[in-house]
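Here is the structure we will look at, set down as structure tokens.
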Amino acid sequence: MSGTELNDLIGAVLTAHRDDPPRLWTELGRAGLTRLTGSVDGGGSGAGWAESAALLRAAAAHGVELPVAEHDLLAGWLCERAGLPVDDRRRSAAVLDAHGRARRVGWAAAAERLTLLHPIGDGWAVSDVDAADVAITPGHNRADAPRDDLAADPAALQGVSVDPGTVEQFVLRGALARAVGITGALDQILAEVLEHTTTRTQFGRPLAQFQVIQHAVADLAAENALARAAVDAAVGAIPVEAPHADLAPQTAFRIAVARSVTGHAASIAVRTGHQLLGAIGTTREHRLHLFTRPILAWRNEFGSVAHWDTVVAQTARAAGPQGLWPLITG
């Protein structure tokens, strides 16, 4: 399936069922989209991060939040990494602390299975358990999307031992998924702003003809383009033939850059979008909040903006004068 055909398929399913989340998830599953990066031998579609990014971006642009990252990119990946069987039952994934707890886990209360990365002895293990066996306290982020707290009995989690680096890999994968979603929402914020400023008139002419409005729209478009370029660079660095393999240090740096750039772009987009749309943009009836509220939440999941800014700065400093240019261009 070509990229255009995939985008058309995703758009058709989201448009038809966006107001019926259970039906939407079922139809996405029938189309092979809920386990895009799962191995074919394990019942997945055998696709890569590029295809998953197309789904994440389209969902964000439609104002729909889906557990794609939790179900496929995290839970499915953890199961395959640990050699555990994985099926189409809806999953979420979390990293537990030494007490068996995790906070603000996406879609845990709606999951049938929970794939847990947890300490065991001096290392880490993966356990795939029934959601009913874990205490779940439902919650929401600032966009009203499910973010739940978990509490499991550490003694009851035996699990399959995995490399300690799995924790870092988990965070990087989740961070990239959120960065991809932010770019999809940024596209739509820019579209909403362009539509409003070109059709809304003030003093007898469209808003877009006022120089101050033009400057603000140009800033928004520039941030959008920069965020998309940074995220595309990170996604493109993941080998197509090995989407589940460990992310290389260079790829990890690109993900950190993508998260830093999208986090700052989100701040500018929210401020500019609401300024240019004025009072109408603050109402629930207008679509703008479907894109501004999620990106304010996503930019602080799997690491805050300040965290990723620090990672970028520390990595660049560690590279030194001789390694900085290869780090940036490699």
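The values are calculated or read from the model by the stated rules, or taken from the named source; none is laboratory data. Quick caveat: nothing in here was measured; it's all calculated off a predicted structure. Counting neighbours? That spans all protein chains shown, and the Cβs are built from the backbone with ideal geometry, glycine included. These accessible areas exclude ligands, DNA and RNA; they are computed on the full protein's heavy atoms, side chains included. Shrake-Rupley method; radii C 1.70, N 1.55, O 1.52, S 1.80 Å.
Return one number: the angle in degrees, 0 to 90 and rounded to the nearest 10, between the long axis of the Cα atoms of helix 49-61 and the longest principal axis of the Cα atoms of the chain.
With rounding to tens, the tilt is 50 degrees.
So how tilted is helix 305-329 from the main axis of the chain? Cα-based, degrees 0 to 90, rounded to 10.
Rounded to the nearest ten degrees, it is 90.
So what is the accessible area of segment 130-207 per residue, in Å², with the probe set to 1.4 Å? Please list the in-between numbers first.
On the way: 3560 Å² over 78 residues.
For segment 130-207, the per-residue accessible area is 46 Å².
Treating only the Cβ atoms of Lys and Arg (+1) and Asp and Glu (-1) as charged, compute the dipole magnitude of segment 123-162 about its Cα centre; round to the nearest 20 debye. Could the numbers behind the result be given before it?
Values: 2 positive and 7 negative charges, 39 e Å.
Rounded to the nearest 20 debye, it is 180 debye.
Would you work out which of GLY204, VAL95, ALA258 lies farthest towards the positive end of the dipole of the chain, given +1 charges on the beta-carbon of Lys and Arg and -1 on that of Asp and Glu, about the Cα centre?
Ranked along the dipole, the leading option is GLY204.
In a Gaussian network model over the chain where Cα atoms closer than 10 Å are linked, find which of ASP41, ASP187, ASP128 has the largest mean-square fluctuation.
Of ASP41, ASP187, ASP128, the Gaussian network model singles out ASP41 as fluctuating most.
Convert 20 °C to kelvin, take the viscosity as 1.002 mPa s, use the Kirkwood radius over C-alpha pairs of segment 81-235 as Rh, and evaluate the Stokes-Einstein diffusion coefficient in µm²/s, rounded to a whole number.
Numbers: Rh = 18.6 Å.
Rounded to a whole number, D works out at 115 µm²/s.
Work out, step by step, the length gained on full extension between ALA225 and VAL167: first 0.36 nm times the residue separation, then minus their alpha carbon distance; give nm to one decimal.
Numbers: separation 58, 0.36 × 58 = 20.88 nm, distance 3.07 nm.
So the extension gain works out to 17.8 nm.
Tilt of helix 166-199 relative to the longest C-alpha principal axis of the chain, in degrees (0 to 90, nearest 10)?
Roughly 20 degrees, rounded to the nearest 10.
Return the sequence-ordered ³J(HN,Hα) values of segment 70-87 in whole Hz as given by the Karplus equation 6.51 cos²θ - 1.76 cosθ + 1.60 applied to θ = phi - 60°, using x for Gly and Pro.
With coefficients 6.51, -1.76 and 1.60, one gets 5, 6, 9, 6, 10, 5, x, 4, 4, 4, 5, 5, 8, x, 8, x, 9, 10 Hz.
Residue-wise, which Karplus ³J(HN,Hα) couplings in Hz belong to segment 91-99, taking 6.51 cos²θ - 1.76 cosθ + 1.60, θ = phi - 60°, and x for glycine or proline?
Coupling constants for segment 91-99: 10, 10, 9, 7, 9, 8, 7, 5, 9 Hz.
Taking all protein chains in place and a 1.4 Å probe, what share, in percent, of the accessible surface of the chain do carbon and sulfur account for?
Working: 8230 of 15040 Å².
Ligands and nucleic acids excluded, carbon and sulfur reach 55 percent.
Give me, ordered by chain and number, the residues 5 or more places off GLY38 or on other chains with an amide H under 5 Å from its own placed amide H.
Placed amide hydrogens put SER45, GLY46, ALA47 under 5 Å from GLY38.
With 10 Å bins from zero, work out the P(r) of segment 28-83 over every alpha carbon pair and list the percent per bin.
Taking every Cα pair in segment 28-83, the percentages come to 25, 58, 16, 1.
Could you list which residues have their amide H under 5 Å from that of TRP124, counting only those 5 or more apart in sequence or on another chain, with H placed in the peptide plane?
VAL162
Determine ³J(HN,Hα), in whole Hz, for all residues of segment 214-228 in sequence, where each value follows from phi through the Karplus function 6.51 cos²θ - 1.76 cosθ + 1.60 and θ = phi - 60°; x replaces Gly and Pro.
Each residue's phi maps through the Karplus curve to give 4, 5, 5, 5, 5, 4, 4, 5, 5, 5, 4, 5, 5, 5, 4 Hz.
Once you place label points 7 Å from the Cα toward the Cβ at ASP97 and ILE280, how far apart are they in nm?
4.7 nm
Would you look at the GNM of the chain, springs on alpha carbons closer than 10 Å, and say which of ILE182, ILE295, ILE136 moves the most?
ILE136
Give the Rg (one decimal place) followed by the Dmax (whole number) of the chain, computed from C-alpha coordinates and expressed in Å.
So, for the chain, Rg and Dmax equal 20.4, 72 Å respectively.
Please list, short to long, the whole-number percent of alpha-carbon pairs of segment 1-65 in consecutive 10 angstrom bins beginning at zero.
22, 58, 20, 1
Just the number please: accessible area per residue for segment 26-80, 1.4 Å probe, all protein chains included, in Å². It would help to have the intermediate numbers written out before the result.
On the way: 1470 Å² over 55 residues.
Heavy-atom accessible area per residue stands at 27 Å².
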